[in-house]
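To start, the structure itself, in structure tokens.
None of the figures in this text is laboratory data; all of them are computed from the coordinates on show. These numbers were taken from a predicted model, which means no experiment stands behind them. Cβ atoms come from the backbone with ideal geometry, glycine included; neighbour counts cover every protein chain shown.
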Amino acid sequence: MRHLLVSALLLSLAAGCSGGKIGPHRIDVQQGNALDQESVARLKPGLSRSQVGFLLGTPLVVDPFRKDRWDYVYLYYKAGSLTEQKRISLFFEGDTLARIEGDLPAAATPTQPSSEPTPQGIQP
């Protein structure tokens with residue numbers, strides 16, 4: 001009787017573990033600048049570096065050899081696999097924003113004029 005009980009217990013344990021994936025737990029990871037669409041939509045040529053910094057924060061990458069370019073990068077890993085990636089490159093001429101490239105929302109393309117008001121204290 002005792003052998004039958006031990007066999008049944010081992011069989012139920014083996015059956016319960018065989019269906020699921022066993023491995024390390026992988027956490028969700030956000031890296032870089034979280035770029036919300038509202039702030040990116042307010043970008044437009046003519047803004048100063050301080051105004052851009054107010055809208056988007058400090059850029060993730062500033063090339064010491066090309067001080068006229070700021071790069072904002074955002075990566076999101078869910079359970080170890082890349083699920084979202086955004087990149088925006090801003091090009092300056094002197095102290096003013098001249099060009100925007102990268103993953104822009106549809107309403108924030110540089111050729112279309114924006115009808116949204118600028119945040120307080122930010123004037124083009």
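If I take R0 = 35 Å and measure r between the Cβ atoms of D36 and T96 in this structure, what FRET efficiency does the formula 1/(1 + (r/R0)^6) give, to the nearest 0.05?
0.90
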#### Entry: Loop-resident sites, region 24-97, for trypsin sites (Lys or Arg not before Pro), counting at most 13 other Cβ within 10 Å (DSSP)
R26, R66, K67
#### Entry: Estimated FRET transfer efficiency when R0 is 22 angstrom, pair V61-D103 (beta carbons, to 0.05)
0.90
### Task
Starting from the Cα gyration tensor of region 27-104, multiply each eigenvalue by 5, take the square root, and state the resulting semi-axes largest first in whole Å.
25, 13, 10
### Task
Per residue of region 39-56, in order, report the coupling 6.51 cos²θ - 1.76 cosθ + 1.60 (Karplus, θ = phi - 60°) as ³J(HN,Hα) in whole Hz, putting x for Gly and Pro.
5, 5, 5, 7, 5, 7, x, x, 6, 7, 4, 5, 5, 5, x, 5, 6, 10
### Task
Would you please give the FRET efficiency between L10 and S81, computed as 1/(1 + (r/R0)^6) with r the Cβ-Cβ distance and R0 = 25 Å, to the nearest 0.05?
0.10
